[in-house]
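Visitor: Let me begin by handing over the structure; questions about it come next.
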Amino acid sequence: MNALILDGIITALAEKRAIPYLGPGMLSLVVEKTAPATAVELADRLAAKTTLPFKIRKNLTAAAQYIENFKHRKTLVAMMNEVFAKKTEPAPLHRHLAELQLPLIVDMWYDGTMAAALSGKEGWGLLQGVSRAEHLDQWVKYYLPDGTPSDAAQAEKWRTVLYQPIGSARPASNYIVSDSDYVEVLTEIDIQSPIPPPVQELRKGRGFLFLGCRFDNQLTRSYARQIMKRSGEGPHWAVLPGELAKNEIRFLEEQNITRLDMDLNVFFDAVTETLPAAA
């Protein structure tokens with residue numbers, strides 16, 4: 001069964017019909033991991049920098065909200081910048097995805113490793129979700145690879161759009177991380193307002209390939225559900241090894257996502273053996 005699923009994924013990548021959707025678990029592939037690879041680990045890093053109530057020390061969005069409320073938004077941003085200050089060297093899977101010249105890649109973590117893998121390539125740019133606490137009238141910012149602000153008109157010409165829905169440390173310290181950040185987005189996301197037009201267009205007729213993602217909390221499920229929305233019938237896949245929580249199983253069934261029970265390193269070896277990078 002895994003062989004058939006893998007063949008389908010490889011074919012979809014080769015035909016540019018698959019949209020990689022990368023979660024923090026992708027950091028498990030890097031040689032030297034300096035950035036936190038889970039929301040709990042990031043909450044721990046923030047807790048090490050300031051005093052937080054015990055009951056929220058493991059809850060990232062609540063911890064971030066507490067810092068924002070009692071220390072100021074600028075303090076929260078500064079702490080996030082410190083946590084993600086050191087650039088992470090991309091793993092081979094990051095680099096391989098960068099070479100495939102895919103129209104759209106979604107990156108759901110703050111480390112910027114996928115952007116680093118694309119660095120030096122031509123014809124790509126970034127779309128980043130931004131906090132309404134800092135940008136009252138905007139949901140997203142557009143950037144060229146060097147950090148120069150861009151716009152939707154330029155994005156239409158990019159060969160690859162790297163979409164970072166919850167922001168990134170680079171190039172401009174955009175973070176959707178606190179409870180209030182997520183409330184703003186999730187209030188509107190059902191009608192798709194926070195999702196930029198280039199992403200809405202590029203997802204049509206394509207399937208999503210979830211790598212390094214877990215769906216064991218409501219936020220990750222909500223974002224994935226809404227970003228997939230109106231993309232069509234897929235197919236969609238998730239490379240998810242090991243035992244799954246009941247709510248993850250329900251989510252996969254609800255969204256018609258085919259699970260590939262395979263370690264990411266094994267998946268990388270299988271993909272690169274069959275699907276060489278684009279010239």
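Each reported figure results from applying straightforward, stated rules to the coordinates on display, with no laboratory input. Model, not experiment: these values are computed from the prediction. Here the Cβ is made from the backbone with ideal geometry for all residues, glycine too, and neighbour counts use every protein chain on show.
Visitor: Which of Leu42, Asn59, Asn69 sits farthest toward the positive end of the charge dipole of region 36-91, with +1 on the Cβ of Lys and Arg and -1 on the Cβ of Asp and Glu?
Guide: Sorting the options by dipole projection puts first Asn69.
Visitor: For the chain, what's the relative contact order in percent, using C-alpha pairs closer than 8 Å and at least 6 residues apart? Show your work: numbers first, answer last.
Guide: Numbers: 481 pairs, mean separation 60.2, N = 279.
Reported as a whole number, the value is 22 percent.
Visitor: Give the cross-link partners of Lys33 among the aspartates and glutamates, using a straight C-alpha distance below 20 Å as the criterion and excluding same-chain residues fewer than 8 apart.
Guide: Leaving aside aspartates and glutamates fewer than 8 places away in the same chain, those within reach of Lys33 are Glu41, Asp44, Glu82, Glu89, Asp107, Asp111, Asp263.
Visitor: Using 0.36 nm per residue of separation minus the Cα-Cα distance, give me the extension gain between Ala14 and Thr38 in nm, one decimal.
Guide: 5.6 nm
Visitor: Then there's this: Pick out, from Thr274, Gln200, Ala172, the residue whose Cα sits farthest towards the positive end of the charge dipole of the chain, with +1 on the Cβ of Lys and Arg and -1 on the Cβ of Asp and Glu.
Guide: Ala172
Visitor: About the Cα centre of the chain, how large is the charge dipole given +1 on each Lys and Arg Cβ and -1 on each Asp and Glu Cβ? Please answer in debye to the nearest 20. Display every interim value, and only then the final one.
Guide: Numbers: 31 positive and 33 negative charges, 100 e Å.
Magnitude of the dipole: close to 480 debye.
Visitor: Let me ask something else. Please check: in the Gaussian network model of the chain (C-alpha springs, under 10 Å), which one of Ala63, Ala39, Ala245 has the largest mean-square fluctuation.
Guide: Ala245
Visitor: Among rounded, prolate and oblate, which fits region 118-171 when a ≥ b ≥ c are the square roots of the eigenvalues of its C-alpha gyration tensor, a/c under 1.5 means rounded, and a/b larger than b/c means prolate?
Guide: Verdict is prolate for region 118-171.
Visitor: Also: Counting alpha carbon pairs within less than 8 Å and at least 6 residues apart, what relative contact order, in whole percent, applies to region 39-83?
Guide: Reported as a whole number, the value is 38 percent.
Visitor: Still on this structure: If you count, for each residue, the other Cβ atoms within 10 Å and average over each peptide, how do 49-56, 122-129 line up from highest to lowest?
Guide: In descending order of packing, they fall as 122-129, 49-56.
Visitor: Taking other Cβ within 10 Å of each residue's Cβ, how do Ile257, Ile10 sort, fewest first?
Guide: So the ranking, lowest neighbour count to highest, is Ile10, Ile257.
Visitor: Can you tell me the orientation of helix 179-188 relative to the chain, as the angle in degrees between its alpha-carbon axis and the longest Cα principal axis, to the nearest 10?
Guide: Result, in degrees: 50.
Visitor: Using the 10 angstrom Cβ neighbour count as an exposure proxy, how do Met262, Met228, Met114 rank, fewest first?
Guide: Ordered from fewest to most neighbouring Cβ atoms within 10 Å, Met262, Met228, Met114 come out as Met262, Met228, Met114.
Visitor: Right, something else. Would any residue of region 31-52 have its amide N under 16 Å from a label point 7 Å out along Cα→Cβ of Ala85? List them or say none.
Guide: The answer is 34-36, 45-50.
Visitor: For the chain, modelled as a GNM with alpha-carbon contacts under 10 angstrom, which of Lys204, Lys74, Lys229 fluctuates the most?
Guide: Looking only at Lys204, Lys74, Lys229, the biggest GNM fluctuation is shown by Lys74.
Visitor: Build a GNM of the chain with springs between Cα atoms under 10 Å: which of Asn81, Asn59, Asn217 gets the top mean-square fluctuation?
Guide: Asn217
Visitor: Is the C-alpha gyration tensor of region 39-83 telling us rounded, prolate or oblate? Criteria: a/c under 1.5 is rounded; beyond that, a/b larger than b/c is prolate, otherwise oblate.
Guide: Cα axes put region 39-83 in the oblate bin.
Visitor: Report the calculated FRET efficiency for Leu275 and Arg225 (r = Cβ-Cβ distance, R0 = 22 Å), to the nearest 0.05. Mind showing how you got there, number by number?
Guide: Values: r = 28 Å, r/R0 = 1.27.
So, using R0 = 22 Å, E works out to roughly 0.20.
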